[in-house]
Amino acid sequence: MTTDPSPSAATRGSDVWTLPNALSAMRLVGVPIFLWAILTRHDGIALATLMLSGITDYLDGKIARHFDLTSRLGAVLDPVADRLYIFTTVLGLAYRDIIPWWLVAILVGRDLVLALAVIGVRDEAARGLSVHFVGKAATFNLLYAFPLLLLAVGDGTLAQLARPVGWAFAWWGVGLYLVSAAVYLLEVWTLASRRSRAA
């Protein structure tokens, strides 16, 4: 996001009606659709929703950076949509016995730990925490793993091909997810230390 204090920069920062924000909003609308589809075993709809989510996740960031359409709303919508998709997807896949429940505990527990850690320094975090490449890479891997794991349900050739690739993306995603948690916790600790020194 630009730090140019000019009026045009301020307008971009507060602009709501942008294509990247619309794509993020579409992803949010897709969350309940996916949850209904996975729980009722409409796997085609669930798979299409997940694939569309991955595509729009890539496009909204690409368009925002290329056309300088970043905004404060977009900075909130994008990670919220990511977290909701990961949360609902792992719950749905675990409910269907496609992934183990302990994997759900790791992914959800990571987000809970970070949320609790940020509470104490929320004012500084709102200004100082940035999105790291490792966190985006983790989300990328997980959002590509989930449709492949759903596609792997069954005994056909396509399922057999999708299964190892899906789990490879999943394990890379989980590993990077935990590494990104350590990075964010280090940042939170740094912010807390600065606060205590300034007090």
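The values are calculated or read from the model by the stated rules, or taken from the named source; none is laboratory data. Because the structure is a prediction, the values reported are computed rather than measured. Cβ atoms come from the backbone with ideal geometry, glycine included; neighbour counts cover every protein chain shown. What goes into the accessible areas is simple: the full protein's heavy atoms, side chains included, and nothing from ligands, DNA or RNA. Shrake-Rupley method; radii C 1.70, N 1.55, O 1.52, S 1.80 Å.
Before moving on, here are some points about what is shown:
- Accessible area per residue, Å², the range 55-95 with all protein chains present, probe 1.4 Å: 51 Å²
- By average C-beta atoms within 10 angstrom, highest first, the peptides 132-145, 158-171: 132-145, 158-171
- Were the residues from LYS62 through THR190 laid out at 0.36 nm apart, the gain over their Cα-Cα distance would be 43.0 nm.
- Split the accessible area of the range 129-199 by element, probe 1.4 Å, and carbon with sulfur accounts for 72%.
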